[in-house]
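Before any comments, here is the structure.
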Amino acid sequence: MYKKSINRQLGLNDFDQPIGLKMDPGNRWIRKAGAIPGARIEDKYANLFGSNVGNVAKPLRMALGSLIIQKEYGFPDRELVEQLTENPYLQYFIGLPGYRAEAPFVPSLLVEFRKRLTAEIISDINEIIIGGDDGDPAAGGDDGDPTAGGWEADGAGVEGGNAGTLILDATCAPQDIRYPQDVSLLNEAREKLDAMIDVLCRANGLPRPRTYRRKARRDYLSFAKAKKRGGKAVRKAIRQMLQYVRRNRAHIRKMLDGGLVLGEKQLALLSVLDKLYEQQKHMHDNKTHTVGDRIVSIGQPHVRPIVRGKAAVPVEFGAKMELSMAGGYGRIEKISFDAYNEGGTLVDAVERYREREGRYPERVLADKIYRNRDNLRYCGERGIRLSGPALGRPGKNAAAVRKQERTDGIDRIEVERAFSLAKRSYGLGLIRTRREDTTRSSIALSILVMNINRKARVLLSPFFRMAFSRFIHDVYTLTARNIGIQRKTMPAVA
């Protein structure tokens, strides 16, 4: 059940401030609260609750605001609640009517917030927050320069034709998992199967079958503690772990066929362990290291290896996401745990740009992987210039093409800067959620927080320009007065 706020979004003057505290209207959290259109977002959020009975859910501003604060600072759930209890600015940001020296909610409620605010809902909220700002020249670059961030395009956009710039790129949001090794994964599977056997035997009063768990533990530790591990030693350890896992699986299957029952979660885990065993056995028998939909984490079986080809980290484990930048703000075009070719998403991204802006972009800045024949044909038919050299031999104007490539490359840095900022400051560099849906929500929330902070800076820039112009005017007036006074008091020159 959900009840819309009667007072909607409170202003700073309506906030019950602590006695003796004068809250600063220019505080960053007050500016961020002003950058979020709470009324429009709450109307969409209320539609998630179809029932009119039951406990009343927490307001959207409290749920979304708490997740934004947690994403920006990286607080654990308990620490976040402590910070909300102590800080009046954070309490104002989450929509409390006044300062309270008590926790606004229990830490476990944050789990429900993350489940309820899915990646799709956060993307809709992101679109509401940044919608209508793409055409604002003040939002072009970090310094308010209209030419920064792709605002200046070749030909400057003919009226009724194409206009603006769309920047596309993809990256990986690494998941917080242990680095996957075949032997350690099989040993973990063996231990979990042993635990299942213990549960079944204890619940049904059966004698425990022989699983050689102590011997298996010694074999694993002797391999794990070895300073040098050759290829033969690795294959021998994998073969041993496969034998232990196969024996435990046979015991469990025999018990289940005999009428014993496992819980829903244990059955789902057993399915994951069976798939892991089949994959590892296939790779061991065929002497290969690749297999489709490879499981790299038992606790998070949806995570897949993403080959990035970077010098420091050639392979990352997490979700692959594609980001588009337009007018300085980022939008997530696609999130997938499976590796995919980015070139197949360019058409959808351009069509979504057309739905928002009413026209196609004048240019699309992207990597060479986007420059396939289908994308080049699609952009050519719509008068869109796709960055990069043309296919085939260099033409007569090769120097002009190289100059244009350099300009496009400089403008395309904006999306790389957005990736760096989101990973360093907004939690995209290490996703700590474990469920697949909450992981997608966490990725979308990182981009949302980045856009909110940018919008708060853009909203503040007119205030600084006005204050600076006022300061210049006062200095000029004072200087003029001083000059006038000096001229009156100076003695006449003979």
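We did not get these values from a lab; they are worked out from the coordinates using the rules stated. Being a predicted model, the structure only gives us computed values, none of them experimental. Glycine gets a Cβ as well: all are built from the backbone with ideal geometry, and neighbour counts include every protein chain shown.
Cβ under 14 Å from residue 168's Cβ, residue 168 left aside: what net charge do those residues give with Lys, Arg +1 and Asp, Glu -1? Neighbour charge sum, excluding residue 168 itself: -2. Here the label points at residue 261 and residue 225, each 7 Å from Cα along the C-beta direction, are separated by 4.4 nm in the simple model.
3J(HN,Hα) along region 371-378: 8, 8, 5, 5, 5, 5, 5, 4 Hz, from the Karplus curve 6.51 cos²θ - 1.76 cosθ + 1.60 with θ = phi - 60°, whole Hz, x for Gly and Pro. Remark: spin-label model distance residue 21-residue 341 equals 5.7 nm, labels positioned 7 Å along the Cα→Cβ axis. Amide H to amide H distances under 5 Å link residue 16 with 98, 99, where only residues 5 or more positions off or on other chains count and H is placed in the peptide plane. Maximal additional length on extending the residue 210-residue 437 stretch stands at 77.8 nm, based on 0.36 nm per residue less the C-alpha distance.
3J(HN,Hα) couplings calculated from phi for region 311-316 with the Karplus curve 6.51 cos²θ - 1.76 cosθ + 1.60 (θ = phi - 60°) are, in sequence order, 5, 6, 10, x, 10, 10 Hz; Gly and Pro show x. For residue 351 paired with residue 184, estimate the spin-label separation in nm (one decimal), with each label point 7 Å from Cα along the Cα-to-Cβ line. Going from the residue 351 label point to the residue 184 one covers 4.3 nm.
Amide H to amide H, with H built 1.01 Å from N, residue 304 comes under 5 Å of 318, counting only residues 5 or more places away or on other chains. Expressed in Å, the radius of gyration and Dmax of the Cα atoms of region 182-286 are 14.5, 46.
Backbone phi angles across region 297-303, fed through the Karplus curve with coefficients 6.51, -1.76 and 1.60 (θ = phi - 60°), yield HN-Hα couplings of 8, 6, x, 10, x, 7, 6 Hz in residue order; Gly and Pro are listed as x. Amide H contacts of residue 386: 364, each under 5 Å away and 5 or more positions distant or on a separate chain (H built 1.01 Å from N in the peptide plane; Pro and chain starts excluded). Over region 249-380, the alpha carbon radius of gyration divided by the compact-protein estimate 2.2 N^0.38 Å works out to 1.53.
The residues neighbouring residue 260, those whose beta-carbon lies less than 12 Å from its own, together hold a net charge of +2 under the Lys/Arg +1, Asp/Glu -1 convention.
Exceeding 25 Å between C-alpha atoms, which entries from my cross-link table qualify? They are 71/334; 58/115; 368/396; 44/320. Over 25 Å apart, Cα to Cα: 44/320.
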